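Asks: Let me give you the structure first, and then I'll get to my questions.
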Amino acid sequence: MRYTTPTQRFEIHQLFNAHQHGTTGKQSEDPERGVIDMVIPWSGEAKGDLSGTNRDDGIIRYQLRSVVKYAPWINIIYIFADPVERPPEWLSEFQGRVILVNRCERFIGGDQNCPTQNTFAVYANLHTIQGLSERYIVCDDDVIFTSFMHIERFFTDENKIVMALGSKSRPIYPETSTVGEIKYVTELETELSKAAKYALPTKLPSMSVAYMHAPWPCLKSVVYQMQRDYQEWFEFISSHRIRFCFNSDTRAVIQVGNKNGACYKENSYFAIMWYHKVKGRVRPPTQKLKMRTISASFNVISEERLRETINSAPNFLNINDPALLPMKDLPLIATDVRTYESYLKRKAYVNRTLSEMFPPT
């Protein structure tokens, strides 16, 4: 398979934008129709921060190998990360097929909004990657591919995305406070945000609930159209350097050391899926094409059953942070030696097993 260079890709990107906006004098079929990229948001390698926000368990390297093995048709894999001092040495293994992108260079709002700890702000900026293909797939950095994935699981021949979405739309801000005639939402207090209130934009998207912990397809032109229609909201969510938490998220708010509270409100992924649906660009999957993912539990790691679990996972296996360290133990990891050593032991087991199952090609 031939892979285009970033320069070639940027030229194609410029040509596509020209066709989309009519600057070439005629409409044209998307020249990137046969190219599909992937974007993986990444917090970066661990630098002593072991919180639920920034702790890196080393899974992304093996995730990339699993993608190469089970989705070889994917062209370029972009790792969308905050600035790093130097790229990880293991990136050279992928010989240019994987590109590390400094997300702050093109982040909406610039340096005042990035670096960020907010996954949902990141989701709202993925389409800004220079040279990104029209059709792309988004995947979090803790998902392992476990079986061959065909393109038809993600996109149709009519250039629609294949997604199972909830039948009813939901408000993206279910809880607000009102002062006068202005509605606000309140951010969780951290060193990045001192519980500041933010006035809601007057025009807001809705959400369509979708699956979690599995890759999802996207159309760049649709997201750019959404950004034009909801420009103020894209600026609004991009400015939130941590996730929003509401009164109902009491468990998340009280988690000491969990800097973003793991709140699933203001979900830009669900909003982007809603917009695709509104624009008629979604086709529900058939039973055969439905995504099936499972998550590794704490007990799976404790009992060293990861290999067995990967072999039994239908399409994907999610190895989320709590599989290695329960949320309740976050306050202890920086102060309790036994908790820290237990975490390191579990992490070593996970990395060793993944390395054996997904060796370099």
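The values are calculated or read from the model by the stated rules, or taken from the named source; none is laboratory data. In this text the structure is predicted, and so the values were computed from the model without any measurement. Cβ placement follows ideal geometry from the backbone for every residue including glycine, while neighbour counts extend to all protein chains displayed.
Quick grid of which residues meet (1) at pLDDT 90 or above; (2) surrounded by 14 or more Cβ atoms within 10 Å (Cβ to Cβ); (3) in contact with a Phe, Trp or Tyr (Cβ under 7 Å, 6 or more places away or on another chain); (4) within 25 Å of TYR62 (Cα to Cα):
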{"position": "VAL122", "(1), (2), (3), (4)": "yes, yes, yes, yes"}
{"position": "MET149", "(1), (2), (3), (4)": "yes, yes, yes, yes"}
{"position": "VAL162", "(1), (2), (3), (4)": "yes, yes, yes, no"}
{"position": "SER177", "(1), (2), (3), (4)": "no, no, yes, no"}
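Asks: Please go through the range 121-152 and pick out each residue that is out of contact with any strand residue (DSSP E or B) (no Cβ under 6 Å at 6 or more places or on another chain), charged (D, E, K, R) and not in a loop (DSSP other than H, G, I, E, B).
Replies: GLU152
Asks: Return the only residue of VAL282, VAL278 being over 21 Å from the mean Cα position of the chain (by Cα) and either among the acidic types (Asp, Glu) or closer than 30 Å to PHE236 by Cβ (or both).
Replies: On the way: VAL282 fails: over 21 Å from the mean Cα position of the chain (by Cα).
From the options VAL282, VAL278, the qualifying one is VAL278.
Asks: Moving to a separate point now. (1) surrounded by 16 or more Cβ atoms within 10 Å (Cβ to Cβ); (2) among the small types (Gly, Ala, Ser); (3) touching a Ser or Thr at 6+ places or on another chain (Cβ under 7 Å): which one isn't true of SER133, the others all being true?
Replies: Single failed check for SER133: (3).
Asks: Continuing with this model, one more query. Tell me the residue from THR156, THR176 that is more than 28 Å from ASP37 (Cβ to Cβ) and either touching a Pro at 6+ places or on another chain (Cβ under 8 Å) or β-branched (Val, Ile, Thr) (or both), please.
Replies: Unique residue meeting the criteria: THR176.
Asks: Taking the condition of being in a helix (DSSP H, G or I) and either of a type outside the set (A, V, I, L, M) or within 17 Å of the chain's Cα centre (by Cα) (or both), how many residues in the range 69-114 meet it? Please lay out each step first, then the result.
Replies: Restricting attention to the range 69-114, the residues satisfying the condition of being in a helix (DSSP H, G or I) are 69-70, 89-94, 103-105, 110-112.
Going one step further and asking which of them are either of a type outside the set (A, V, I, L, M) or within 17 Å of the chain's Cα centre (by Cα) (or both), we end up with 69-70, 89-90, 92-94, 103-105, 110-112.
Final tally of qualifying residues: 13.
Asks: Collect the residues in the range 69-114 that are in contact with a helix residue (DSSP H, G or I) (Cβ under 8 Å, 6 or more places away or on another chain), over 25 Å from GLY34 (Cα atoms) and of a type in the set (A, V, I, L, M, F, W, C), keeping them in residue-number order.
Replies: Scanning the range 69-114 gives ALA81, TRP90, CYS104, PHE107, ILE108, CYS114.
Asks: Scanning for something in contact with a strand residue (DSSP E or B) (Cβ under 8 Å, 6 or more places away or on another chain) and at pLDDT below 95, does the range 19-29 turn up at least one residue?
Replies: Within the range 19-29 (the criterion being in contact with a strand residue (DSSP E or B) (Cβ under 8 Å, 6 or more places away or on another chain) and at pLDDT below 95), the answer is no, since none of the residues qualifies.
Asks: Looking only at the range 341-360, filter to residues that are in contact with a strand residue (DSSP E or B) (Cβ under 9 Å, 6 or more places away or on another chain) and not aromatic (Phe, Trp, Tyr); which one of those is surrounded by the most Cβ atoms within 10 Å (Cβ to Cβ)?
Replies: Taking the range 341-360 as the starting set, the residues that turn out to be in contact with a strand residue (DSSP E or B) (Cβ under 9 Å, 6 or more places away or on another chain) are 354, 357-358.
Filter again for not aromatic (Phe, Trp, Tyr), leaving 354, 357.
Details: LEU354: 23, MET357: 17.
Once the filter is applied, the top-ranked residue is LEU354.
Asks: Among the candidates GLU308, GLU304, which residue alone is on the phi > 0 side of the Ramachandran plot, surrounded by fewer than 16 Cβ atoms within 10 Å (Cβ to Cβ) and at pLDDT 90 or above?
Replies: Criteria check complete, one pass: GLU304.
Asks: Still on this structure, please answer the following. List pairs: first residue in the range 343-361 and in contact (Cβ under 8 Å) with a residue 12 or more places away in the chain and of a type in the set (Val, Ile, Thr), second residue surrounded by 14 or more Cβ atoms within 10 Å (Cβ to Cβ) and in a loop (DSSP other than H, G, I, E, B) anywhere in the structure, Cβ distance under 7 angstrom, at least six positions apart or on different chains.
Replies: If the second residue must be surrounded by 14 or more Cβ atoms within 10 Å (Cβ to Cβ) and in a loop (DSSP other than H, G, I, E, B), the pairs left are VAL350/ASP57; VAL350/ILE319.
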